[in-house]
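A.B. asks: Here it is: the structure, laid out below.
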Amino acid sequence: MKKPVTLSQAIAYFADAERAFDYAKWLRWPDGKVACPRCGSESNSFVKTRSLWFCNGCKKQFTVKVGTIFEDSPMGLDKWMTAVWMICNCKNGISSYELGKAIGVRQNSAWFMLHRIREAMKDEDGFQFGGPTSEVESDETFVGGRGKFMHKDKKERLRKIEGKGNRGDIYMGKTAVHGMLDRELRKVRCSVIPYVRRDVLQSAILKNVERGSKVYTDENPSYDVLTKDFMHEIVHHAERYVNGRVHTNGLENFWCLLKRSLKGTYVAVEPFHLDHYLDEQVFRYNNRATKDNPLTDSDRFAYLMAKVAGKRLTYATLTGKDADALHHETAGTGQEEPF
Ligand SMILES: [Zn+2]
């Protein structure tokens, strides 16, 4: 059977347990050299009936899931791979409700699966944006609850936390997000920030952008400090036109996509989890098809599957609660393959 191209083909393809296993094995060890995730030894024997290996180095067994975001999950690889396909290819993301329905698991199990996958979606490019040939846009936005429509009690609670009259009602319950876009790479990086303040923005830009680069921002006075280290130019939004190359339209486009998926798909995102949703949106944006880089859905899938190793996210880490509540809960057939 040919490698899947569309979602329905992917579902049919991964429904075959052996095929899903072979594909996952190939993605994890493309050169065919199966190495133990614990000790690195390549000496092992494969137990076909149980789809696992016995390591001759550390004398322990391992599966294709060990040492990946799938470790300890009772879900079969067919479900996992379908979930990975959906989250990296659905433009606005996929809610745990939709995913649960699509693969036959409970919503809370699907929610945990999606968070584990987001862990693999994290951007790990350490290099800096900018440089002599590129331009970098920097901008910030607010995400989350709308103060105007908020219940009075919640408003009062937030007012106590955020400080009275600090930012006014329109920012109430909102979380600040800062983003940077490298125009040459056509890549975005963004993160939740505690405040839109000079020191916070400056340190994010210094960390992520090569000194001396062209940096475009809006008139926010917090950006004043950039002149020292960067070729800083300012967009005058009030003038209502784009001053040649000096604009932040690329990032504004990204904020639109982010807000659309947060509003449409992920109706109520806790500020605590917002970083994970940013990772997800950034992954899809940075790996979108462009003229120079015509990525397909299956390319994006293979790329994300190659990133699942070496990462873990436990339920306890995710929620600060005990793992048992959700970890073993499956709503599937209860007969998931022991991959
Ligand atoms: Zn070993």
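The values are calculated or read from the model by the stated rules, or taken from the named source; none is laboratory data. Given the structure is predicted, the values throughout are model-derived calculations rather than measurements. All Cβ positions, glycine included, derive from the backbone under ideal geometry; neighbour counts span all protein chains shown.
A.B. asks: So which residues in region 16-46 are hydroxyl-bearing (S, T, Y) and under 22 Å from F301 (Cβ atoms)? Before you say what the answer is, go through the steps one by one.
C.D. replies: The initial filter retains those residues of region 16-46 that are hydroxyl-bearing (S, T, Y), namely 23, 41, 43, 45.
Selection gives Y23 alone.
A.B. asks: Moving to a separate point now. Filter region 175-213 for residues that are part of a helix (DSSP H, G or I) and in contact with a Phe, Trp or Tyr (Cβ under 6 Å, 6 or more places away or on another chain) and give the result.
C.D. replies: So in region 175-213, the residues part of a helix (DSSP H, G or I) come out as 198-208.
N208, the sole residue that qualifies.
A.B. asks: Only one residue in A323, A289, A331, A268 is at pLDDT 70 or above and of a type in the set (G, A, S), so which one is that? It would help to see each step written out before you state the result.
C.D. replies: Working: A323 fails: at pLDDT 70 or above; A331 fails: at pLDDT 70 or above; A268 fails: at pLDDT 70 or above.
Unique residue meeting the criteria: A289.
A.B. asks: Could you tell me which of the residues G93, G32, G57, G67 is away from the ligand (no atom under 16 Å from the Cβ) and over 29 Å from L262 (Cβ atoms)? Steps first, answer last, please.
C.D. replies: Working: G93 fails: over 29 Å from L262 (Cβ atoms); G57 fails: away from the ligand (no atom under 16 Å from the Cβ); G67 fails: away from the ligand (no atom under 16 Å from the Cβ).
Exactly one residue qualifies, and that residue is G32.
A.B. asks: Exactly one of (1) in contact with a Ser or Thr (Cβ under 7 Å, 6 or more places away or on another chain); (2) assigned by TED's automatic domain parsing to the domain that holds A17; (3) not hydrophobic (A, V, I, L, M, F, W, C) is unmet by D72. Its number?
C.D. replies: Going through (1) in contact with a Ser or Thr (Cβ under 7 Å, 6 or more places away or on another chain); (2) assigned by TED's automatic domain parsing to the domain that holds A17; (3) not hydrophobic (A, V, I, L, M, F, W, C) one by one, D72 breaks only (1).
A.B. asks: Here's another thing I want to ask about it. Tell me which residues, restricted to region 14-29, are more than 16 Å from the ligand (Cβ to nearest atom) and either within 21 Å of K311 (Cβ to Cβ) or in contact (Cβ under 8 Å) with a residue 40 or more places away in the chain (or both).
C.D. replies: F14, A15, D16, A17, A20, F21, Y23, A24, K25, W26, L27
A.B. asks: Based on this model, can you work out whether T290 counts as surrounded by fewer than 17 Cβ atoms within 10 Å (Cβ to Cβ), outside the structural domain of T141 (by TED's automatic domain parsing) and polar (S, T, N, Q)? I'd like the intermediate steps shown before the answer.
C.D. replies: On the way: surrounded by fewer than 17 Cβ atoms within 10 Å (Cβ to Cβ): yes; outside the structural domain of T141 (by TED's automatic domain parsing): yes; polar (S, T, N, Q): yes.
Here the answer is yes, as T290 does meet what is asked.
A.B. asks: If you scan region 35-54, which residues turn out to be more than 14 Å from the ligand (Cβ to nearest atom) and either farther than 22 Å from K79 by Cα or touching a Ser or Thr at 6+ places or on another chain (Cβ under 8 Å) (or both)? Quick ask: steps written out before the conclusion?
C.D. replies: Filtering region 35-54 for residues more than 14 Å from the ligand (Cβ to nearest atom) gives 47-51.
Residues satisfying the conditions are V47, S51.
A.B. asks: Filter region 115-134 for residues that are surrounded by 15 or more Cβ atoms within 10 Å (Cβ to Cβ) and of a type in the set (S, T, N, Q); which is farthest from K207 (Cα to Cα)?
C.D. replies: Within region 115-134, the match that is farthest from K207 (Cα to Cα) is S134.
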